[in-house]
Each structure stands twice: as structure tokens, then as C-alpha cells.
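A.B. asks: Just passing along the structure, written as C-alpha cells.
Read-outs: derived from the displayed coordinates by stated rules, not from any lab. Owing to the predicted nature of the structure, the values given are computational and were not obtained by experimental measurement. Please note: Cβ atoms are built from the backbone with ideal geometry, for glycine as well, and neighbour counts cover all protein chains shown.
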Amino acid sequence: MRTIATCRDDFPVLDQTASSGRPLVYLDSAATSHKPLPVVEAERRFYLHDNANVHRAVHTLAARATDAYEQARRAVARFIGAPQPESVVFVRSTTEAINVAARSLGQMLLREGDEVLLTVMEHHSNLVPWQLVARASGARLRYARLLEDGTLDLDSVREILAGGKVRIVAVTHQSNVLGTVNPVAELAAMAHEAGAVILVDGAQSVPHMPVDVQALGCDLLAFSGHKMLGPTGIGVLWGRIELLERMEPVFGGGEMIREVELDHATWNDVPYKFEAGTPPIAQAVGLGAAVEYLESLGMANVHAHEATLARYAVRRLQELRNIRIYGPLDDRRGGLVAFNVDGVHPHDVATILDHEGVAVRAGHHCAQPLMRWLDVPATVRASFYVYNTEADIDALVEALLAVERVFGKGRR
Ligand code: PMP
């Protein structure tokens, strides 16, 4: 039986040394995760045995490719508790999912003076698309404030909603910097009470915790395959089917139409209306395999494992002098920790950690407004997944001692 304790063997990429010759410790899964053998094998099998374009031919391979693609859709629907497979739209990434949703909802719902409610902790992917839509529609972007500990200020959300102008709420489920897990079910209830629709950026939640769209009560959910053990180039826009049916497509082309005349066209059913052109077929098949892999581990176990690692990381980092951790220090944090070492630029920290074999990310993490709120140019971020262990965090702490040695800081 596959368990989290034994799954590391399925990730041969982890079994190597970094360029410095030290054993590789990968703590950058929030940027992208590694792919287990069954996912790589599913894509390989598809290309070697079933490869054809989907939906467009009667021949054997086309039928098999279409079956494999649609089976992946059913697997994803099951994984997020979607009531119908057709409510799962395959796109290329979270970024594409949010752009499609923003453009389509913007046209449908936003008029001059309307408001879109975001938060200060959003990734640029859930921020810039709304800026584009606001510019086109004359709508105004409003930002819910954060509390000192990096959690969302729900009073600020209430205040903005009380103005009666918010048509769309777009919020991340889990911050890719602070690790904060937002109370999405509560936010969905608040948004609906105010007559707004709510889109959830699930890029950092769907891979790491049980997510059930019906329990959350959200209207739209966006996430990426590559952060959840699947391939790059595949993402999902899930939507309530009645909403998707009312939304206009954003991309035009093959497969998304029912009838095309010279001067107009009518649309195919959901989800095909949103899947113009040849979709990422092998990548969808790989995502289906990733979903099955995560289901075999159990998402509750995945979440518990990461919560344990996050708690352990926070505790070990707090033992070091001159480390400042961002975001909540309690269990409202997911499996990542962003921090800075006093007086050392995060890029220098990441460079020394790399020399010690430890792969972390340093930068603004595509969240520049949040960096301004934190009043830092950048942070270091260590992020965890199913294949990480407490020993990886011990290696991070040891490597941070090397940073302290280089920059002349002592131990507490
Ligand atoms: N939202 C969040 C919270 C993210 O962490 C990321 C990826 N860093 C994205 C959106 C964008 O995902 P992608 O690059 O796969 O489109």
C-alpha cells in the first residue's frame, strides 16, 4: 500500500546531489511540485499507445484519447467534490483560469462604479487580470486589509461588502507567502449575502488539503496541475454549472462552437465552450494520474503531514537567532514558511542554502503588494509536500547556520 512515509521512492528526481555535491533537499514545491512515477508513466503510456486529438474523429486512437481525457475530467471532478464532470474546464494553469474567469465575468457583471473585492495577499495571477478587467469596465478594485499576524481582516471584508457595490470577490484559499489559510466558506457566505459571486484561487490549497467545492460554497475555483504532482501546462477552472452556462467564452476557435456562419457563431456546451483548440491532452491524463496518486495517499493525510512539517519548521526556525517568520504562527498556516534572516538579503540566503544542497525560493513570490505590506523587498520561502520529512527541515536549519557563519551571526 502506498503511504506518505514510503512515497518518496516514487520521486527519483529527489535522489540526487545538488550542484555543490551535497544531497539535494527540495523545499520549493509551492513553485512547482515533483512528479511521481505513476504520473510520468501515465503520460508516457498515453503518448506510446493512445496519442490522437480528442473529440474529432471516429478512429480507434481518437476514441481512446477522448476517453482518457474525459476520464481525467471525471477524476478531477471527484477530487474537488464537483457535482458534474462538465463543470470542470481544462485550461493551462491557474493564471489562465483566472484570466478567463475575470474577462468573462467582467463582461457579464461589471459596469462603471461596480467593485471587485480582492485581498492584499493575492498572487499577481489573482490581481493583474482584475486590473485589466477593471480598466475595461470602469469597475473599482477594493482590497481587504490584513491583520498584524498575516490573517485576513474579516471586518474589512464586511465593511467593503456593506457598501453594496461589490459584484465579484476573488480571494486566495492559501497564501503562497504567508501560508495563511483563508476561511473561504465564510467568505463565500458573506459574498453571496452581498449579492456577489466568489472566485477562489486554489493554486496553493487544492494540492495540499481536502477541497470540496460544495462544502466551500464558492462559485469558481482555479488551480494548476504542476503544483499537485501533475504536469505543467494543465490547469482547471471549476465553476457552478449554471454560472458557466451564463458566461461567454473568452477564446474562440475549434471545438468551442456548435455552428459557425461567416459573420457569427453559436457555442458548444460547457465545458467545451471554454476549451478552444486542441487542449493539453497528455497533460490532462497526467493530472488525472496525479489526482489518483493523491487520493491513494488520502488528502486528509497529506494535510496532516504538511501541518506537522510546518509546525516543526516554525519551531526549529524560532530556535535560530535573527530569523523573522511571516504569517500566522499557529495552525492557520499551510505547509510553507516564508522568512528573512536579519541583515542578509534573501537572495544571498538562498544562494548559500543552495550551496548546502537546500533548494528554496527567494524573491517577491509574485506578490509585490504583499511585500510592500510586509515592508520587505523579498523573502526566503521553504515549502513542503508529501515527499518532505523533518530531516529536510533539519537540513534547512543546518544550512541556515552556514548563513549565520558566513555573515557572522551567532546562535541564540
Ligand atoms: N496563485 C497562487 C496563490 C500561486 O501560488 C500561484 C503560483 N505560484 C499562482 C496563482 C499561479 O499559478 P500558475 O503559475 O501555475 O498559473
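A.B. asks: With +1 assigned to the C-beta of every Lys and Arg and -1 to the C-beta of every Asp and Glu, and no other charges, what is the dipole magnitude of the range 1-58 about the Cα centre in debye, to the nearest 20?
C.D. replies: Working: 7 positive and 7 negative charges, 16 e Å.
Value, rounded to 20: 80 debye.
A.B. asks: Can you tell me the length gained on complete extension of the stretch residue 59 to residue 107, counting 0.36 nm per residue apart and subtracting the Cα distance?
C.D. replies: Numbers: separation 48, 0.36 × 48 = 17.28 nm, distance 3.94 nm.
Here the segment from residue 59 to residue 107 would lengthen by 13.3 nm.
A.B. asks: Turning to a different aspect of this structure: Relative to the compact globular guide of 2.2 N^0.38 Å, what is the alpha carbon radius of gyration of the range 341-406, as a ratio? Write out the running numbers ahead of the final one.
C.D. replies: Values: Rg = 12.5 Å, N = 66, 2.2 N^0.38 = 10.8 Å.
Ratio of Cα Rg to 2.2 N^0.38 Å: 1.15.
A.B. asks: If you take the charge dipole of the range 147-260 about its Cα centre, with +1 on Lys and Arg Cβ and -1 on Asp and Glu Cβ, which of 249, 183, 208 is farthest toward its positive end?
C.D. replies: Going by the Cα projections, it comes out as 249.
A.B. asks: Take peptides 378-386, 400-408, 302-310, 89-97 and line them up by average Cβ neighbours within 10 Å, highest first, as a rough protection proxy. Let's see the in-between values first.
C.D. replies: Details: 378-386: 26.1, 400-408: 16.3, 302-310: 19.9, 89-97: 24.4.
So the peptides 378-386, 400-408, 302-310, 89-97, ranked by packing, come out 378-386, 89-97, 302-310, 400-408.
A.B. asks: While we're on this one: Can you give the log10 of the normalised intensity I(q)/I(0) at q = 0.14 Å⁻¹, computed with Debye over equal Cα scatterers of the range 49-185?
C.D. replies: -0.78
A.B. asks: Testing the spin-label approximation: label points 7 Å from Cα along Cα→Cβ at residue 321 and residue 185. State their distance in nm.
C.D. replies: Output for this residue pair reads 4.6 nm.
A.B. asks: FRET efficiency for residue 351 and residue 260, Cβ-Cβ distance as r, R0 = 60 Å, nearest 0.05? Intermediate values should be presented prior to the final figure.
C.D. replies: Working: r = 54 Å, r/R0 = 0.91.
Calculated transfer efficiency: 0.65.
A.B. asks: While we're here: List the trypsin sites (Lys or Arg not before Pro) within the range 106-206 that fall in a DSSP loop (any state other than H, G, I, E or B) and whose Cβ has at most 12 other Cβ atoms within 10 Å. Don't skip to the answer; put the middle values down first.
C.D. replies: On the way: sites: 111, 135, 140, 142, 145, 158, 165, 167; in loops: 111, 145, 165.
Those satisfying the criteria are 111.
A.B. asks: Turning to a different aspect of this structure: Mind ranking 116-126, 342-352, 250-260 by how tightly packed they are, going by the mean number of other C-beta atoms within 10 angstrom, highest first?
C.D. replies: On the way: 116-126: 23.7, 342-352: 16.5, 250-260: 13.8.
Per-residue Cβ counts within 10 Å, averaged per peptide and sorted highest first, yield 116-126, 342-352, 250-260.
A.B. asks: Right, something else. Taking Cα pairs under 8 Å and at least six residues apart, what relative contact order does the range 1-141 come out at, in percent? Before the final figure, lay out the partial values.
C.D. replies: On the way: 107 pairs, mean separation 17.7, N = 141.
About 13 percent, as a whole number.
A.B. asks: Using the Cα centre of the chain as origin and beta-carbon charges of +1 (Lys, Arg) and -1 (Asp, Glu), tell me which of 407, 272, 364 is placed farthest towards the positive end of the dipole.
C.D. replies: Final value for the positive-end residue is 407.
A.B. asks: Have a look at 136, 68, 55 and report the one farthest towards the positive end of the charge dipole of the range 41-150, computed about the Cα centre with Cβ charges (Lys/Arg +1, Asp/Glu -1).
C.D. replies: So the residue we want is 55.
A.B. asks: Which order do peptides 278-288, 358-368, 171-181, 47-57 fall in by mean Cβ count within 10 Å, highest first?
C.D. replies: 171-181, 278-288, 358-368, 47-57
A.B. asks: What is the dipole size for the range 227-286, taken about its Cα centre, with +1 at each Lys and Arg Cβ and -1 at each Asp and Glu Cβ, in debye to the nearest 20?
C.D. replies: Numbers: 5 positive and 9 negative charges, 83 e Å.
Value, rounded to 20: 400 debye.
A.B. asks: Evaluate the chain: find the radius of gyration of its Cα atoms, find its Kirkwood radius, and give the ratio Rg to Rh. Each step should come with its number before you reach the end.
C.D. replies: Details: Rg = 21.9 Å, Rh = 22.2 Å.
Across the chain, the Cα-based Rg/Rh ratio is 0.99.
A.B. asks: While we're here: Using label points projected 7 Å from each Cα along Cα→Cβ, tell me how many nm separate residue 407 and residue 214, to one decimal.
C.D. replies: About 5.0 nm separates the two model spin labels.
A.B. asks: Please give, to one decimal in nm, the separation of the simple spin-label points placed at residue 48 and residue 128, each 7 Å out from Cα toward the Cβ.
C.D. replies: Computed distance between label sites residue 48 and residue 128 equals 3.9 nm.
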